[in-house]
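Take a look at the structure below.
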Amino acid sequence: MNIHEYQAKEIFNRYYVSTPRGYVASSVEEAVANAQKLGGSLWVVKAQIHAGGRGLGGGVKLARSIEEVREYAQALLGMHLITHQTTAEGTLVQKLYIEEGVEIADEFYLGIVLDRAQEMPVIMASREGGMEIEKIAHETPEKIIKVTIDPFIGFQPYHGRELAFGLNLPKEEMSRFSAFAKALYEAYRENDASMVEINPLVRTKSGVFVALDGKMSFDDNALFRHPEIVAMRDYSEENPIEREASEYGLSYVKLNGNVGCMVNGAGLAMGTMDIIDYMGGEPANFLDVGGGANASTVAKGFEIILKDPNVKSIFVNIFGGIVRCDRIANGILEATKMVNVHVPVIVRLDGTNAKEAVEILKNANIKNIISATDLSDGAQKAVAAAKGALV
Amino acid sequence: MSILIHKDTKVLVQGFTGKEGSFHAEQCMAYGTQIVGGVTPGKGGSVHLGKPVFNTMKEAIASTGATVSMVFVPPAFVADAILEAADAGIELAVIITEGAPVRDMQRSKAYATKKGMKTIGPNCPGIITAEECKIGIMPGAIFKKGSIGLISKSGTLTYEGANQVCKEGFGISTAIGIGGDPIIGLSYKELLAMFEEDSQTEAIVMIGEIGGDLEIQAAQFIKEHISKPIVAFIAGQSAPKGKRMGHAGAIVSGSSCTAQEKMSALALVGVHVVKSPAQIGKKVAEVLNK
C-alpha cells in the first residue's frame, strides 16, 4: 500500500525525522490560508499524487508571493499530472501540500528497502540527491553507500558512521546525520514499511538535515496491525476495477491486450499471460481467482474482465487440484447464467476429474463456450477468437 | 531415495484443529503421510483425527519423535510457530500459511537458520515425495513416482509441471513449492544441491517467476555444482514493470528481476529454458530421451 508525501511526513515527524513545516490543502483558498499560516516569503506548492517524478512533471512549484501560491494552486488542483510513473492520461490532483521554502546547502538521497538476497533491510545513501536511485544504481553504483541492518541488533552507531563517512560528511555533521538515519530506520521498521525514500534529503544552510520529499509504502501482509496506516489509504489513487476485484478476494491487474484471462494461482496466471503472448496474442489482464474457484468467484471474474471494453475473448485456465474440475465446470455454467458473457470463452480444465468436466461442458452445449484439450490448444483458440478467427 | 521427506517421516501439524489444518491434515493422512499429532495451545490432551493434540511443540516432539512440522496457523502467528518449532528441535518446518508479514519472516527465518532448522514457504503448496509422503495442500494424485525433481515458486505451476511430466511417461521424485514471498525458506540453490546428490533423481524441473534474484543466484550455482539436466520456465515474461502480480514478491523493479534476465542467465549455464509453460513436459522428454 502506498501513501502520499504529506502522510509520509506525518509519520516522519512522529519519529523526529525533520521535515519543513507544511499543511495539506484541497482548495485554492485553503492553500493560500496555509501559506499565510506558515509565514515567510518562500513556499513550495506540491501536487499530492502517489506517482514519482512529480517535479519533472511540473507538479512542484516554488512560490515567492502569496499571489504565486494562489496561481499555482489554481493551476495544479484538478489537473491530470503526467509523470513517467503515471498512465498516459495522468493522475488527477485533488490535494496540495503547502510547505515552507528551505535554503539548501547540499542534497542527498536516503532510502531503505528490503534486501531480498540478504533478507535484511538495507539503507542506501548517496550524494546524488534528486536523481532517480535506479538510474544511479545502474550507471554509477559506486556512488551508493549501502548498509544492511541485522534485525537482531537494529541500527547501531557504527551503521551511522559507515553512512556518514561513506558520504564524506564533515566530522561535526556525523552525529546529526546518524541520528536522522536511525530515526528513519525506526519509522521504516515499526510501521512494517516495504520502502521509505527521501529524495532529496537536504542539509540547510544552517546545517540541519531535512526531508524535502518523503515516500513510503507498506507490506500489505502487515496492515492488520497498523489500522492508522490503513486509514491513510487513498482509494482514488487505485484502479477502480483492481480495487473492486480485491474486495472479492480476486487478484486482478489490467493490461493492454484483448484476451481476458481467468486462472487459479498467481504463477499459472502469469504463465497464461506468457503463453498468450507466445501464441501471438496480447493478454488483457492478470487474474488469479484463488484456490477455491466456484460459481460466484467465476461469475465475479467474468464481470471484472468484461469491464474492460478491449476484451474480445476469455481464456479460462484452471488446474483443478483439491477442487475437482467437474465442480469447476458446473461453476462456469452457473456463472454464465449470472453474467451476460458476450465474447467467446475458451475453457481449459486439467487435473482432478478433467474428463468429466469436459463432458459437462460439451453436454451443456452453450454456443460461446469452447472446450480446449490442453494449455497450448486453449491459448491458441483464445488468441484466434480474439482476432475473430474462431466462431 | 528422495529428498527431505519419505514414507517414514513423522509429521506434526501446527494449527492442527483449525479448519484448514484439519482438512489438509486429513488429506495428507489419506495420501499415506505419517501425521503423528498436532499442536493447538489449550487443546492439549484431546484427540483430533485419531491423533493426539499437544499444547506445546516440546511436548509433541517428546511424545511422538516427529522431525517435521506442517504450519497452518493464521498469518499473525506464523513467526511464533516457526520460532517455537525451531526452539523445540524440529528439522524441517513447512509453512503453508499465506500472508505472513515480511518483518516477521526476517526474524523467524534468521532464528530457524541459527537453530539448524530448515524451512519451506511461507505461502506455498508444500513438499511431496511421490507415492510416499505429502506435507502440504497439493493434489496428491497427479504426482506419479519417478525420477524428476521439481522446484517451483508457484503452486498451480507445480501441479501443471508435474502433470505434464507424468503425461510424458515420467514421474516425480520429490516436488517442492518454495513460495513466492520476498523472504522464503529453502530455495533453488539448496534444493538443487540435494537433487544432485539424490540417486533417484535424473533431471530437475525449475519453475521461477519475476521478482528477486533467486533464479540468477541459482544459475551461478548450477554452473559450478549441478551436472544433472535442468528444464526451466520463468513466469511473468509479459508482466508490466512495477506491478505486483499476485505473489507478494512477484514484481519487476530493476533489470535483474525480469523474466528475460533470468531466462538468459539460466540458458547461459546450459539450462533448457522453455518460453511456454506448455512445453515443460515435452522438453523433459526431449532432454532425457536424447
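The values are calculated or read from the model by the stated rules, or taken from the named source; none is laboratory data. Just so we're clear, the structure is a prediction, and the values are computed from it rather than from any experiment. Quick reminder, even Gly has a Cβ in these numbers, built from the backbone with ideal geometry, and neighbours come from all protein chains shown.
Restricted to segment B:199-229, and to residues that are more than 14 Å from every other protein chain (Cβ to nearest Cβ) and within 17 Å of the chain's Cα centre (by Cα), which residue is surrounded by the fewest Cβ atoms within 10 Å (Cβ to Cβ)?
Ranking the candidates gives B:THR201 first.
Tell me, yes or no, whether segment A:123-144 has at least one residue that is on the phi > 0 side of the Ramachandran plot and touching a strand residue (DSSP E or B) at 6+ places or on another chain (Cβ under 8 Å).
Yes, segment A:123-144 contains a residue that is on the phi > 0 side of the Ramachandran plot and touching a strand residue (DSSP E or B) at 6+ places or on another chain (Cβ under 8 Å).
Could you grab me the full set of residues in segment B:27-69 that are among the hydrophobic types (A, V, I, L, M, F, W, C) and either more than 22 Å from B:THR97 (Cα to Cα) or out of contact with any strand residue (DSSP E or B) (no Cβ under 8 Å at 6 or more places or on another chain) (or both)?
Residues satisfying the conditions are B:ALA30, B:VAL47, B:ALA62.
Looking at segment B:258-274, is at least one residue closer than 24 Å to A:ASP115 by Cα, of a type in the set (Asp, Glu), surrounded by fewer than 20 Cβ atoms within 10 Å (Cβ to Cβ) and within 11 Å of chain A (Cβ to nearest Cβ)?
Within segment B:258-274, none of the residues are closer than 24 Å to A:ASP115 by Cα, of a type in the set (Asp, Glu), surrounded by fewer than 20 Cβ atoms within 10 Å (Cβ to Cβ) and within 11 Å of chain A (Cβ to nearest Cβ).
Give the number of residues within segment B:160-184 that are in contact with an Asp or Glu (Cβ under 8 Å, 6 or more places away or on another chain) and in a loop (DSSP other than H, G, I, E, B).
Here the count works out to 2.
Which of the residues belonging to segment A:93-114 are within 23 Å of the chain's Cα centre (by Cα) and surrounded by 16 or more Cβ atoms within 10 Å (Cβ to Cβ)?
Those that are within 23 Å of the chain's Cα centre (by Cα) and surrounded by 16 or more Cβ atoms within 10 Å (Cβ to Cβ): A:VAL93, A:LYS95, A:LEU96, A:TYR97, A:TYR109, A:LEU110, A:GLY111, A:ILE112, A:VAL113, A:LEU114.
Checking the condition crowded, with 19+ Cβ neighbours inside 10 Å, within 11 Å of chain A (Cβ to nearest Cβ) and either at pLDDT below 95 or within 20 Å of A:ILE318 (Cα to Cα) (or both), which residue from B:GLY242, B:GLY281 passes?
B:GLY281 is the lone residue from the list that is crowded, with 19+ Cβ neighbours inside 10 Å, within 11 Å of chain A (Cβ to nearest Cβ) and either at pLDDT below 95 or within 20 Å of A:ILE318 (Cα to Cα) (or both).
Before we move on, is A:LYS355 loosely packed, with under 15 Cβ neighbours inside 10 Å and within 18 Å of B:ASN163 (Cα to Cα)?
yes
Report, by residue number, each residue of segment B:85-100 that is over 14 Å from the mean Cα position of the chain (by Cα) and surrounded by fewer than 22 Cβ atoms within 10 Å (Cβ to Cβ).
Once the filter is applied, which keeps residues that are over 14 Å from the mean Cα position of the chain (by Cα) and surrounded by fewer than 22 Cβ atoms within 10 Å (Cβ to Cβ), segment B:85-100 yields B:ASP87, B:ALA88, B:GLY89, B:GLU91, B:GLY99.
What is the residue count in segment A:95-119 for residues that are modelled with pLDDT of 95 or more and either more than 25 Å from A:LYS205 (Cα to Cα) or facing chain B (nearest Cβ under 10 Å) (or both)?
Of the residues in that region, 3 qualify.
Considering (1) more than 20 Å from A:MET216 (Cβ to Cβ); (2) among the acidic types (Asp, Glu); (3) within 14 Å of another protein chain (Cβ to nearest Cβ); (4) within 21 Å of the chain's Cα centre (by Cα), say which one A:GLU139 fails and leave the rest.
Failed condition: (4).
When you check A:GLU71 against the structure, is it under 21 Å from the mean Cα position of the chain (by Cα) and among the acidic types (Asp, Glu), yes or no?
no
For segment A:364-371, indicate whether the set of residues that are closer than 22 Å to A:ASN258 by Cα, surrounded by 15 or more Cβ atoms within 10 Å (Cβ to Cβ) and out of contact with any Leu (no Cβ under 8 Å at 6 or more places or on another chain) is non-empty.
yes
Starting from residues that are in a loop (DSSP other than H, G, I, E, B) and within 11 Å of chain B (Cβ to nearest Cβ), keep the ones in segment A:211-257 and report whichever is modelled with the highest pLDDT.
Top of the filtered list is A:HIS226.
With the structure loaded, tell me whether A:ALA245 is touching a Phe, Trp or Tyr at 6+ places or on another chain (Cβ under 9 Å), of a type in the set (Gly, Ala, Ser) and not assigned by TED's automatic domain parsing to the domain that holds A:PRO170 or whether it fails that test.
yes
Yes/no per residue for (1) out of contact with any Phe, Trp or Tyr (no Cβ under 8 Å at 6 or more places or on another chain); (2) in contact (Cβ under 8 Å) with a residue 24 or more places away in the chain; (3) not assigned by TED's automatic domain parsing to the domain that holds A:ALA295:
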| residue | (1), (2), (3) |
| --- | --- |
| A:HIS226 | no, yes, yes |
| A:ASP234 | yes, yes, yes |
| A:LEU255 | no, yes, no |
| A:ASN258 | yes, yes, no |
| A:MET262 | no, yes, no |
| A:MET273 | no, no, no |
| A:GLU282 | yes, yes, no |
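So, B:LYS153, is that one in the same structural domain as B:SER173 (by TED's automatic domain parsing), under 30 Å from B:PHE233 (Cβ atoms), within 18 Å of the chain's Cα centre (by Cα) and surrounded by fewer than 22 Cβ atoms within 10 Å (Cβ to Cβ) or not?
It is false that B:LYS153 is in the same structural domain as B:SER173 (by TED's automatic domain parsing), under 30 Å from B:PHE233 (Cβ atoms), within 18 Å of the chain's Cα centre (by Cα) and surrounded by fewer than 22 Cβ atoms within 10 Å (Cβ to Cβ).
Among (1) surrounded by fewer than 22 Cβ atoms within 10 Å (Cβ to Cβ); (2) basic (Lys, Arg); (3) without any contact (Cβ under 8 Å) to a residue 60 or more places away in the chain, which single condition is A:ARG348 missing?
Exception for A:ARG348: condition (1).
In segment B:141-180, what count of residues is obtained for those that are within 9 Å of chain A (Cβ to nearest Cβ) and more than 25 Å from B:LYS275 (Cα to Cα)?
Result for segment B:141-180: 1.
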